[in-house]
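Remarks on the structure that follows.
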Amino acid sequence: MNKKITNWLLGGPIWLKYAVELQLLDKKPDVKQVLSDISIKNIVKKLKDTQGLTALKTGNLSYKGDIYWNLFFLADIGLTVKDIHIEKEAKEIYNLQSSDGTFITMKEMKPSFFCIPTILLTSLIKMDYYDEQKIQKFIQLIFKTQRLDGGWHCAKQRSVGQRLQDSESCPMDNQNILMLLSQFKEYRNNPKLNGAIDLLLTHWEKRDEKWRPYGFGIGTNFTKLKYPAVTYGILRVLDVLSFFPYARKNKSFKSMMDHVRQKSGDGMFYAESIVRYFSNFDFGQKNEPSRWITFLVNRIEKRIAGGNHGK
């Protein structure tokens with residue numbers, strides 16, 4: 001990584017400096033200062049209050065809301081459940097698992113909606129809070145419901161043996177399930193996942209065609225750099241696929257990455273779409289280059305170069 005960019009990133013807020021040192025520079029920074037940062041303290045407080053993670057059991061919290069993505073953000077920084085003392089709240093998430101292995105985290109959510117709980121479960125695993133029995137039960141169910149094209153879809157009529165079994169899988173399902181499985185080294189070279197990977201890469205290849213698997217297209221919104229990627233977008237697709245050597249070698253992955261690189265101004269990247277909830281962070285505004293977006297791109301670059309960091 002360019003030394004000038006490294007120094008610029010390290011000049012950001014303490015939580016970003018922590019992420020850079022931990023994930024890009026492979027150091028072991030002290031987490032104490034991060035935990036005293038007012039922005040981080042506010043997020044942790046929201047996760048711990050009565051409308052935070054424990055409120056997931058009410059089914060009233062949307063995956064598009066801040067609770068899912070607050071946890072996701074802290075996990076991306078490299079903080080652990082133990083660091084921020086949310087062991088009790090994290091356990092409540094695992095307690096949402098049904099006897100069949102599924103997780104219901106929202107009202108009127110069907111058990112087959114794997115794309116939603118994977119956001120929470122991926123965050124917990126990245127944060128070193130892992131209920132092996134429950135996660136393995138969920139992963140077994142994931143592979144059991146894998147479709148003919150190698151991907152996944154939340155609609156049962158599209159499962160194997162049903163009338164729509166030959167239709168394309170859902171890009172969001174594929175992205176989020178791969179995101180979860182990418183946290184385990186044993187799955188990063190598993191050929192069983194190549195079909196789902198190919199579907200995401202083919203979607204990019206066909207971006208100028210009318211092909212829209214399950215209504216998902218690749219247009220201007222997809223290619224905007226944004227965080228958190230609540231909707232299907234290029235930055236999170238690349239972030240997920242960069243864990244898999246099979247994807248990294250593919251010309252479509254390289255093409256997608258080149259598209260992002262071309263957005264750089266002297267190695268810095270801007271947020272091109274924002275979530276106003278995060279307006280206090282540099283990825284929540286468009287006027288100045290975003291250290292966080294730049295960090296995320298460089299984390300992908302590190303995996304491409306062979307670092308393949310687990311976070």
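No value in this document is a laboratory result; all are computed from the given coordinates. Since this is a predicted model, take the numbers as computed values, not measurements. All Cβ positions, glycine included, derive from the backbone under ideal geometry; neighbour counts span all protein chains shown.
Brief remarks on what is shown
- In region 173-219, trypsin sites (Lys or Arg not before Pro) in a DSSP loop with at most 13 other beta-carbon atoms within 10 Å: Lys210
- Estimated FRET transfer efficiency (Gln51, Glu87; beta-carbon r; R0 22 Å; 0.05): 0.70
- Region 84-107 residues near the modelled Gln136 label - backbone nitrogen below 20 Å, point 7 Å along Cα→Cβ: 91, 94-103
- Value of [θ]222 nm, deg cm²/dmol, for the chain, DSSP H segments ≥ 4, -39500 (n - 2.57) each, nearest 500: -12500 deg cm²/dmol
- Each of Lys134, Lys57 was scored by other Cβ atoms within 10 Å of its Cβ. Listed from fewest to most, they are Lys57, Lys134.
- Electrostatic tally near Trp69: other residues with Cβ closer than 15 Å to its Cβ, Lys and Arg +1, Asp and Glu -1, net +3.
- For Ser290, residues with placed amide H under 5 Å, excluding near neighbours: Phe269, Tyr270, Ala271
- Cβ crowding within 10 Å ranks Glu168, Glu209 as Glu209, Glu168, fewest other Cβ atoms first.
- Full-stretch length increase - Thr220, Asn7 - with 0.36 nm per residue and alpha-carbon distance subtracted: 73.5 nm
- Taking θ as phi - 60° and the Karplus parameters 6.51, -1.76 and 1.60, the scalar couplings of region 87-96 work out to 4, 4, 5, 5, 4, 4, 5, 5, 5, 7 Hz in sequence order, x denoting glycine and proline.
- Formal net charge of residues neighbouring Ala247 (Cβ-Cβ distance under 12 Å; K, R +1; D, E -1): +4
- Residues Asn60 and Lys156, FRET efficiency given R0 of 22 Å [Cβ-Cβ distance, rounded to 0.05]: 0.30
- With the simple spin-label model, which puts each label point 7 Å out from Cα in the Cβ direction, the Lys263 to Asp208 separation comes to 2.0 nm.
- Here region 129-165 and region 249-270 have alpha carbon centers that stand 32 Å from each other.
- Dipole axis of the chain (+1 Lys, Arg; -1 Asp, Glu on Cβ), positive-most option in Thr223, Thr105, Ala155: Thr223
- Exposure proxy ranking, count of Cβ atoms within 10 Å, fewest first, for Asp208, Asp83: Asp208, Asp83
- Partners for Lys28 among aspartates and glutamates (Cα-Cα distance below 19 Å; same-chain residues under 8 apart left out): Asp37, Asp76, Asp83, Asp128
- For the listed residue pairs Lys107/Lys206; Lys41/Lys185; Lys185/Lys226, the alpha carbons are over 30 angstrom apart in Lys107/Lys206; Lys41/Lys185.
- Using distinct alpha-carbon pairs, which all enter the 1/r mean, Kirkwood radius of the chain in Å: 20.0 Å
- Placing a label point 7 Å from the Cα of Asn95 along the Cα-to-Cβ direction, the residues of region 46-65 whose backbone N falls under 13 Å from that point are 53-58.
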